[in-house]
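Shown next, in structure tokens, is the structure this report addresses.
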Amino acid sequence: MVMITDGPINTADSYDLVSAKVSGSVVFHYAVVKEQTGVGKSTTCIDYRFSPGAIEELNDIAAELKEKWNLEDVLVIRREGCLAVRDIISLVAASSPASEDAFEACRHGISRLKKMKTVTKTERFD
């Protein structure tokens, strides 16, 4: 499952969105807005906007993960809007009978989200 939302990503509800009927491992990664981005200024928010084709790009990422690793399910969620420090930006979750596959798929999914062509990111500072 993939989705883009302008509302908060609910960490408790996320688990119920990932199928794990035959999986012994479910790995979640939540990316969050950090206060210091390395430019010497404090971040007030990061504004994420998506262009047409974003859902298709997320679907491609999920399909790639399922193709490369032995996964039962994949969940990819991205937030849209101006996100404050500590807000969850995105979630990549993978369920698998093997923990190595779940971890590696999650790690690769995170990398792919950072390279999305259909998202613009504008940082706002104090």
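The values are calculated or read from the model by the stated rules, or taken from the named source; none is laboratory data. Since the model is a prediction, treat every value here as computed from it, not as a measurement. Quick reminder, even Gly has a Cβ in these numbers, built from the backbone with ideal geometry, and neighbours come from all protein chains shown.
What the table shows:
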| read-out | value |
| --- | --- |
| Number of the exception - PRO8 against (1) of a type outside the set (A, V, I, L, M); (2) touching a residue at least 60 places away in the same chain (Cβ under 8 Å); (3) under 30 Å from ARG124 (Cα atoms); (4) surrounded by 14 or more Cβ atoms within 10 Å (Cβ to Cβ) | (4) |
| Residue ranges of helices (runs of 4 or more DSSP H) in the stretch 1-116 with at least 3 members among the hydrophobic types (A, V, I, L, M, F, W, C) | 54-68, 99-114 |
| Subset of the stretch 71-98 [exposed (fewer than 14 other Cβ atoms within 10 Å of the Cβ) and either polar (S, T, N, Q) or over 21 Å from LYS121 (Cα atoms) (or both)] | none |
| Residue that is farthest from VAL119 (Cα to Cα) [pool: residues in the stretch 41-83 that are modelled with pLDDT of 95 or more and among the small types (Gly, Ala, Ser)] | ALA63 |
| Residues of the stretch 99-126 that turn out to be of a type in the set (Ser, Thr, Tyr) and within 30 Å of SER25 (Cα to Cα), as a count | 2 |
